[in-house]
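Heads up, the thing below is written out as structure tokens.
The values are calculated or read from the model by the stated rules, or taken from the named source; none is laboratory data. This is a predicted model, so every value here is computed, not measured. Don't worry about glycine lacking a Cβ; one is built from the backbone with ideal geometry, like all the others, and counts go over all protein chains shown. SASA here: full protein model, heavy atoms, side chains in, ligands and nucleic acids out. Shrake-Rupley method; radii C 1.70, N 1.55, O 1.52, S 1.80 Å.
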Amino acid sequence: MSAGRDAIMGSLRRALKRGAEEADAGARQAVDRRLDEFPRGPQPARAQIPPAAQVDLFEAMAVEQAATVARIASLDQVPAAVADYLKAANLAPKLRLAPSPELENLPWDGQPMIEVETGRAEGRDQVSLTGAVAGIAETGTLLLASGPEAPTTLNFLPDNHVVVLKASQVVGAYEDGWDRLRETYGRGHLPRTVNFITGPSRTADIEQTIQLGAHGPRRLHILLVEDTESGNGPRDGG
Amino acid sequence: MDSSPRAFKANARAAVKDPQLKRALAHVKVGFIGKRAKAVARLPEFDALRDAARDIKVHTLDHLDLYLERYEERMTAQGGQVHWCPSAADARAAVLDICRRVGAKTVTKGKSMISEEIDLNQHLEANGITPVETDLGEYIVQLRGERPSHIIAPAVHLTKDLIEADFRAHHRHLPPERSLEEPRELVEEARGILRERFLAADVGITGANFLVAETGSSIIVTNEGNGDLTLALPRVHIVIASLEKVVPTLEDATTILRVLARSATGQEFSTYTTVSTGPRRAGDVDGPEEYHVILLDNGRSEMLAGPFRDALRCIRCGACMNHCPVYHAIGGHAYGWVYPGPIGAVLTPGLIGIEEAGDLPNASTFCGRCEAVCPVRIPLPKMMRHWREREFERHLTPRAVRAGLGLWTFLASRPELYHRVTGLAARLLATLAGRKGRLRSLPLAGGWTGVRDLPAPQGRTFHALWAERNRSTGP
Ligand code: SF4
């Protein structure tokens, strides 16, 4: 294809002592097999637990990483929960909403004070609201995927990122998240951007002291919708 | 400080006498080591994950040509473009070409050690394009005209008062009465300045922690979110990566991610792990319109052929330097090139030549802590010895050192004898040092004790202590 490619490939093949096509058949097979089977590495036992316990673990780990979590009983309660958040954080009642029908069709008219705009983030947006693909219990990590209904800029430009996550979306390990993406996009395919997000932005570049809000959101707030049938009766704080 | 590995000895001598550097480096010792230990203790599977991470890297390096082919295939199918660059000059030219074609004036940059390796910023500036480092530590060292002194904490050699002075010198709008004493205030100031740069940039350049053959993706790991604003806002996203960053699958990347943050900063997981695949898709309302990957060799395919192949397993976590007594004493700049610490002592001679970097493999006490913490189990001390032997064969070493090394090689190839002799020497030194536990001078080690007291061994060798520790805490 290019001289650079030929030079590098030639040098790699010499280093690996590659020979004729047939001689390398074994190596090719090993590569094909690994790509085909995508075996998992050791799975941390901490997240191999029943679904309700995974939800609790997700919440505990996310809070440990300085995210805040509010549990709500249904999607319909999202607008009121957003209003509560804006009030408690002393923020202007303005919201940039991901252009997804599921979020747009929520009963926003019940919160006439909140000015709702949809679309990608602009530099001056203070608060965004997005959905998620999954929540990874292992480390309290959100998994988000870009698309027409989920612009990536919403996850990084505004000072406050509010995420709607359903309990049914909580999985144990990161690999469970990959499997969900494979179901949606097909094997070997990913959307343009996949974000794993664990707590708000931070830096320790000045004398190793952790400061939140380096470049990305200063605050990450998760609205955890308890949509699963079993195991989510009244909780005692887990 | 002369920034060349040839000046290592002089640099190291100057560094140990620098009180400001000493204060700054104290943070490395307490911060990183304790945080890593805590994170490791919380994950019983940690050592099994290290083995798995090592095996993934070994397998990938053994099949590097084939995985790169597959990676290119997938990546191109998603609309991206690979630029194969044998040398640093090729990589600089490829980046500049893209920037020129799109008429770029400013370029924002996420943290990338490869960019340092190819001296990209100087090249862009010389051609009228302004590169803006956006990782806070990188931004600070760019203001100062320095290199990063650590691969994950670029400004770890600086104290906050120095950073305040830099900000006051460069950010002209700052009124003198505005306080910048607290790290919090410094972070706010940088956030404000860089916000505008993110929004104005024409091209965003990031590094890559991984390239994934299965999907043709690049993955970056950050805490600040600067990498994400760099890759999401400008019209063009350029990724700079070296050959050995490729891994087979998303699962393989995940296994390594589980040991990366814990080894680096002691975090359970970094704040942002971001997977980019090609340019924006039909219907997307943001994201770059072009996606390029600069694939750099720069000596790596040759390293793959020789005894230093294992060094290509490195995932750049920084744990080896965080735990290195030499790094603690002299910091990163003394090493004179891009990669400091134990991995730098192994990589630098491989990438720029042993003639240039012959002193670096001597920057070791052979305490073995680097290998003990390396998440992909690179035998760093053994590799430093390899380089020393090469140096020896080339007859570049002064005669006295040759004699000492001869004795050492004799002992090292006889493990039983080695342990007995070093154990004996350790006890002897402990006795000599007496209750203060410091030795003011030591025959044959004037180069070391001339500038610092040698901490006397605590009566046993590292091997003995380590074996005991493992017995008491389990593997
Ligand atoms: S050599 Fe090992 S410990 Fe050092 S940076 Fe590389 S992976 Fe980390």
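Here are some notes:
- The condition (being at pLDDT 95 or above and open to solvent by less than 10 Å² (accessible area, probe 1.4 Å)) is satisfied by just one residue among B:A334, B:A319, B:A357: B:A319.
- Within region B:354-371, residues that are in a helix (DSSP H, G or I) have Cβ atoms under 6 Å from residues that are among the basic types (K, R) in these pairs: B:I354/B:R390; B:P361/B:R388, counting only partners at least 6 apart in sequence or on another chain.
- Restricting region B:233-246 to residues that are open to solvent by less than 10 Å² (accessible area, probe 1.4 Å) and within 10 Å of chain A (Cβ to nearest Cβ), the residue that is nearest to the chain's Cα centre (by Cα): B:L243
- Residue within region A:181-189 that is touching a Leu at 6+ places or on another chain (Cβ under 8 Å) and aromatic (F, W, Y) present: no
- Long-range neighbours under 7 Å by Cβ, at least six apart or interchain, first residue closer than 13 Å to B:E214 by Cβ within region B:233-260, second among the aliphatic types (A, V, I, L, M) and in a strand (DSSP E or B): B:V246/B:L211; B:V247/B:V212; B:T249/B:V212; B:L250/B:V212; B:A253/B:V212; B:A253/B:I219; B:A253/B:V247
- Some residue of region B:309-316 being more than 13 Å from the ligand (Cβ to nearest atom), open to solvent by 10 Å² or more (accessible area, probe 1.4 Å) and at pLDDT 95 or above: yes
- Within region B:114-146, being of a type in the set (A, V, I, L, M) and surrounded by fewer than 17 Cβ atoms within 10 Å (Cβ to Cβ) holds for one residue alone: B:A126.
- Residue tally, condition at negative phi and either part of a loop (DSSP other than H, G, I, E, B) or open to solvent by 20 Å² or more (accessible area, probe 1.4 Å) (or both), over region B:207-217: 6
- Taking the conditions (1) over 25 Å from B:T60 (Cβ atoms); (2) in contact with a Ser or Thr (Cβ under 8 Å, 6 or more places away or on another chain); (3) open to solvent by 10 Å² or more (accessible area, probe 1.4 Å); (4) of a type in the set (D, E, K, R) in turn, B:D228 satisfies each one other than (3).
- Of the residues examined, B:L143 is not one that is touching a residue at least 12 places away in the same chain (Cβ under 8 Å) and in contact with a Ser or Thr (Cβ under 8 Å, 6 or more places away or on another chain).
- Qualifying positions in region A:85-104 - surrounded by 15 or more Cβ atoms within 10 Å (Cβ to Cβ), out of contact with any Gly (no Cβ under 8 Å at 6 or more places or on another chain) and in a helix (DSSP H, G or I): A:Y85, A:L86
- Helices (runs of 4 or more DSSP H) lying entirely in region B:8-66 (those with 1 or more residues that are touching a Pro at 6+ places or on another chain (Cβ under 6 Å) and closer than 30 Å to A:R18 by Cα): B:46-62
- From B:S149, B:S115, residue being more than 10 Å from every other protein chain (Cβ to nearest Cβ), within 16 Å of the ligand (Cβ to nearest atom) and not β-branched (V, I, T): B:S149
- In the condition set (1) open to solvent by less than 50 Å² (accessible area, probe 1.4 Å); (2) closer than 20 Å to B:D228 by Cα, B:K111 is compliant with all but (1).
- Exactly one residue out of B:G192, B:G204 is crowded, with 24+ Cβ neighbours inside 10 Å and of a type outside the set (A, V, I, L, M, F, W, C): that is B:G204.
- Pair list, Cβ < 9 Å and 6+ apart or interchain, from region B:53-79 residues that are in contact (Cβ under 8 Å) with a residue 12 or more places away in the chain and aromatic (F, W, Y) to residues that are assigned to a helix (DSSP H, G or I) and open to solvent by less than 10 Å² (accessible area, probe 1.4 Å): B:Y67/A:V31; B:Y67/B:T60
- Exactly one residue out of B:K9, B:K105 is in contact (Cβ under 8 Å) with a residue 24 or more places away in the chain and assigned by TED's automatic domain parsing to the domain that holds B:I152: that is B:K105.
- A count restricted to region B:70-100 and to residues that are assigned to a helix (DSSP H, G or I) and more than 8 Å from every other protein chain (Cβ to nearest Cβ) stands at 18.
- Residue count, region B:1-26 (criterion: closer than 14 Å to A:T209 by Cα and either basic (K, R) or buried (at least 17 other Cβ atoms within 10 Å of the Cβ) (or both)): 2
- Within region A:127-145, tally of residues that are assigned to a loop (DSSP other than H, G, I, E, B) and open to solvent by 10 Å² or more (accessible area, probe 1.4 Å): 3
- Residue count, region B:340-350 (criterion: in contact (Cβ under 8 Å) with a residue 24 or more places away in the chain, away from every other protein chain (no Cβ under 14 Å) and either away from the ligand (no atom under 14 Å from the Cβ) or not hydrophobic (A, V, I, L, M, F, W, C) (or both)): 5
- For region B:269-288, the set of residues classified as out of contact with any strand residue (DSSP E or B) (no Cβ under 7 Å at 6 or more places or on another chain) and in contact (Cβ under 8 Å) with a residue 12 or more places away in the chain consists of B:D286 only.
- Among residues of region A:56-74, those that are open to solvent by 40 Å² or more (accessible area, probe 1.4 Å) and closer than 25 Å to A:E149 by Cβ, counted: 4
- Enumeration of residues in region B:289-308 that are buried (at least 24 other Cβ atoms within 10 Å of the Cβ) and assigned to a loop (DSSP other than H, G, I, E, B): B:D297
- Failed criterion for A:V194 (all others in (1) facing another protein chain (nearest Cβ under 7 Å); (2) surrounded by fewer than 23 Cβ atoms within 10 Å (Cβ to Cβ); (3) at pLDDT 95 or above hold): (2)
- Which numbered condition B:R184 fails, given (1) surrounded by fewer than 17 Cβ atoms within 10 Å (Cβ to Cβ); (2) within 16 Å of the ligand (Cβ to nearest atom): (2)
- Only listed residue being within 17 Å of the chain's Cα centre (by Cα), assigned to a strand (DSSP E or B) and facing another protein chain (nearest Cβ under 10 Å), chosen from A:L220, A:L157: A:L220
- Boolean, B:K29 is over 30 Å from B:A305 (Cα atoms), under 19 Å from the mean Cα position of the chain (by Cα) and open to solvent by 40 Å² or more (accessible area, probe 1.4 Å): yes
- Test for A:E115: is it closer than 27 Å to A:P39 by Cβ and of a type in the set (D, E, K, R): no
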